[in-house]
Amino acid sequence: MTEQGPLFDLKQLDELAAGSPDFVNVMIDTFLTHTPEQVEHLVSAFQQGELKRMGEIAHKLKPSIDLFGISGLTATVRSIEQKGKAEHRDDKLSAEVLELDRVMTLVFEELHKMRPQ
Amino acid sequence: MIPNPKHVLIIDDEPVMRKLLEQILKSKYHVTTLENGQEALNWMYSGNIPDLVVADLKMPVIDGFEYSNGCAKAAFFRMFP
């Protein structure tokens with residue numbers, strides 16, 4: 001949970017899975033295998049001032065954030081994407097990248113706990 | 001199982017979306033997934049002909065537009081959607 005509500009919501013994924021737990025587990029595994037690296041690359045691109053690359057990574061992260069119902073980042077990832085595309089660094093960008101990194105780390109931890117051992 | 005399922009080629013560099021499409025389609029179609037347009041062109045020029053291609057546009061190496069143009073250059077590939 002966050003101050004605003006649940007970290008993520010698998011409702012959309014469950015609907016697409018149509019009752020198949022394997023479907024959901026495969027998607028969680030794929031998400032946990034690939035997305036942490038994407039977040040690391042986004043943070044690294046921001047820290048190195050490569051805003052265009054940062055925006056491109058945000059663009060790629062966006063559908064996964066939507067699919068996993070990470071509503072706390074819905075606006076944030078879009079803002080990062082737009083600022084990256086415009087190569088515009090304002091005084092909020094640093095906090096937005098930090099927030100994305102923080103929330104995604106929590107999501108990864110929670111999803112890891114949900115996986116069968 | 002569906003006899004002689006149609007072959008769908010999914011081209012996307014984003015692994016979660018690639019896997020999602022594969023998961024959705026695999027019960028009814030034979031699905032191949034590749035990461036970019038270059039891989040797709042190489043695969044097709046090796047003799048693999050899909051019935052349908054679902055391609056992302058923004059991809060590294062060769063994007064969806066270049067891939068489409070690459071297909072259009074070969075008469076053999078112009079017939080599929």
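The values are calculated or read from the model by the stated rules, or taken from the named source; none is laboratory data. Treat the numbers as computed from the prediction; the structure is a model and nothing was measured. Virtual Cβ from ideal backbone geometry, glycine too; neighbours counted across all protein chains shown.
Within segment A:41-62, residues that are closer than 12 Å to A:Arg89 by Cα sit with their Cβ atoms under 8 Å from residues that are polar (S, T, N, Q), at 6+ positions apart or across chains, in these pairs: A:Phe46/A:Ser94; A:Gly55/A:Gln82.
Kindly indicate whether A:Asp29 is more than 11 Å from chain B (Cβ to nearest Cβ) and either out of contact with any Gly (no Cβ under 8 Å at 6 or more places or on another chain) or modelled with pLDDT of 95 or more (or both). Spelling it out, it is not the case that A:Asp29 is more than 11 Å from chain B (Cβ to nearest Cβ) and either out of contact with any Gly (no Cβ under 8 Å at 6 or more places or on another chain) or modelled with pLDDT of 95 or more (or both).
Right, B:Val16: buried (at least 18 other Cβ atoms within 10 Å of the Cβ), within 26 Å of A:Ile57 (Cα to Cα) and within 11 Å of chain A (Cβ to nearest Cβ) or not? In short, yes.
Can you tell me how many residues within segment B:9-64 are on the phi > 0 side of the Ramachandran plot and small (Gly, Ala, Ser)? Here the count works out to 1. If the condition is being aliphatic (A, V, I, L, M) and either under 17 Å from A:His34 (Cβ atoms) or assigned to a helix (DSSP H, G or I) (or both), then segment A:84-110 contributes A:Leu93, A:Ala95, A:Val97, A:Leu98, A:Leu100, A:Val103, A:Met104, A:Leu106, A:Val107. Would you check if A:Lys11 is on the phi < 0 side of the Ramachandran plot, among the basic types (Lys, Arg) and surrounded by 13 or more Cβ atoms within 10 Å (Cβ to Cβ)? Here the answer is no, as A:Lys11 does not meet what is asked.
With respect to the stated conditions, A:Thr76 fails to be at pLDDT 95 or above, of a type in the set (Val, Ile, Thr) and loosely packed, with under 13 Cβ neighbours inside 10 Å. Would you check if there is a residue in segment A:8-21 being touching a residue at least 60 places away in the same chain (Cβ under 8 Å) and away from every other protein chain (no Cβ under 14 Å)? Checked segment A:8-21: at least one residue is touching a residue at least 60 places away in the same chain (Cβ under 8 Å) and away from every other protein chain (no Cβ under 14 Å). Across segment A:49-56, a minimum of one residue is classified as part of a helix (DSSP H, G or I), over 9 Å from the mean Cα position of the chain (by Cα), modelled with pLDDT of 95 or more and loosely packed, with under 15 Cβ neighbours inside 10 Å.
Determine whether B:Lys26 is modelled with pLDDT under 85 and not hydrophobic (A, V, I, L, M, F, W, C).
no
Within segment B:20-52, being outside any loop (DSSP other than H, G, I, E, B) and farther than 30 Å from A:Pro21 by Cβ holds for B:Gly37, B:Gln38, B:Glu39, B:Ala40, B:Leu41, B:Asn42, B:Trp43, B:Met44, B:Tyr45.
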